[in-house]
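**Q** Here it is, the structure in full.
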Amino acid sequence: MKKRIKRKRGPVRAKKVTFDGIKFASGLEKYMYIALKRAKIHAIYEGATFTVQDGFDFNIKSYERQANGKGEFKNRGEKKILPIKYTPDFVSDSFII
């Protein structure tokens with residue numbers, strides 16, 4: 001009897017789906033759109049983006065050890081930190097999904 005070799009699978013990648021002229025990032029988002037439409041709940045797909053944390057300049061030197069095994073210290077500071085943003089899937093007047 002032959003032994004089956006299991007291959008390591010990478011992270012899950014969702015398939016992009018188009019429905020009603022809207023490009024959804026996954027089939028689950030399309031399913032939610034259809035469910036909201038059947039329930040006659042008006043919602044906009046990816047209609048708003050919220051800034052959770054504003055971007056800023058990190059002007060302090062921060063020396064940290066590299067993870068390559070050499071043990072060298074590298075300056076990880078003195079750089080611009082980008083803002084953190086959140087885009088919900090569906091936005092309405094009364095809810096955010």
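**Q** Under a 5 Å amide H to amide H cut-off, with H placed in plane at 1.01 Å, what residues pair with GLU46 once short-range neighbours are removed?
**A** PHE90, VAL91
**Q** What does the net charge come to around ARG65 if you take all other residues with beta carbon closer than 15 Å to its beta carbon, with K and R at +1 and D and E at -1?
**A** Summing Lys/Arg as +1 and Asp/Glu as -1 gives +2.
**Q** Determine the dipole magnitude for the chain: charges of +1 sit on the beta-carbon of Lys and Arg, -1 on that of Asp and Glu, nothing else is charged, the reference point is the Cα centre, and the result goes in debye to the nearest 20.
**A** 1280
**Q** So if R0 is 25 Å, what FRET efficiency would LYS61 and THR87 give, r being the distance between their Cβ atoms, rounded to the nearest 0.05?
**A** 0.15
**Q** Applying the Karplus parametrisation 6.51 cos²θ - 1.76 cosθ + 1.60 with θ = phi - 60° to the phi angles of the stretch 48-58, what ³J(HN,Hα) value in whole Hz is obtained for each residue in order, glycine and proline being reported as x?
**A** With the stated coefficients, the stretch 48-58 comes to 9, 10, 10, 8, 7, 9, 5, x, 7, 8, 9 Hz.
**Q** Ok, one more. List the residues, sorted by chain then number, that are 5 or more residues from PHE24 or on another chain and whose placed amide H is less than 5 Å from its amide H.
**A** VAL17, THR18, PHE19
**Q** What are the lysines whose alpha-carbon lies under 28 Å from the alpha-carbon of LYS6, with same-chain residues fewer than 8 places away excluded?
**A** LYS15, LYS16
**Q** Ordered by residue, what ³J(HN,Hα) values in Hz, to whole numbers, does the stretch 34-46 give under the Karplus form 6.51 cos²θ - 1.76 cosθ + 1.60, where θ = phi - 60° and Gly and Pro are x?
**A** Here the 3J(HN,Hα) series is 5, 5, 5, 5, 5, 7, 6, 9, 7, 9, 9, 7, 6 Hz.
**Q** How far apart, in nm, are the 7 Å Cα→Cβ label points at GLU72 and LYS6?
**A** With each label point 7 Å from Cα toward Cβ, the separation is 3.9 nm.
**Q** Suppose a student asked you for the relative contact order of the stretch 28-97, using Cα pairs under 8 Å spaced at least 6 residues apart; what percent would you report?
**A** Details: 102 pairs, mean separation 26.0, N = 70.
Here the relative contact order equals 37 percent.
**Q** Loop-only trypsin sites (Lys or Arg not before Pro) in the stretch 62-95, please: DSSP not H, G, I, E or B, and at most 16 other Cβ atoms within 10 Å. If you can, show how the numbers build up before the last one.
**A** On the way: sites: ARG65, LYS70, LYS74, ARG76, LYS79, LYS80, LYS85; in loops: LYS70, ARG76.
Hits after loop and neighbour filter: LYS70, ARG76.
**Q** Okay, moving on. To the nearest 0.05, what FRET efficiency results for LYS23 and LYS79 with a Förster distance of 30 Å applied to their C-beta separation?
**A** Result of the calculation: an efficiency of 0.35.
**Q** Quick one: if you stick a label point 7 Å off each Cα along the C-beta vector at ILE34 and VAL52, how many nm between them?
**A** Between ILE34 and VAL52, the simple spin-label model gives 3.0 nm.
**Q** Among GLN66, ALA48, ALA25, whose Cα sits farthest toward the positive end of the charge dipole of the stretch 17-91 (+1 at Cβ of Lys/Arg, -1 at Cβ of Asp/Glu, about the Cα centre)?
**A** GLN66
Quick note: the coordinates plus some simple rules give every number you see, no bench work behind them. Every value quoted in this text rests on a predicted model; they were computed, and no experiment measured them. Heads up, the Cβs are rebuilt from the backbone with ideal geometry, glycines too, and the neighbour counts pull from every protein chain shown.
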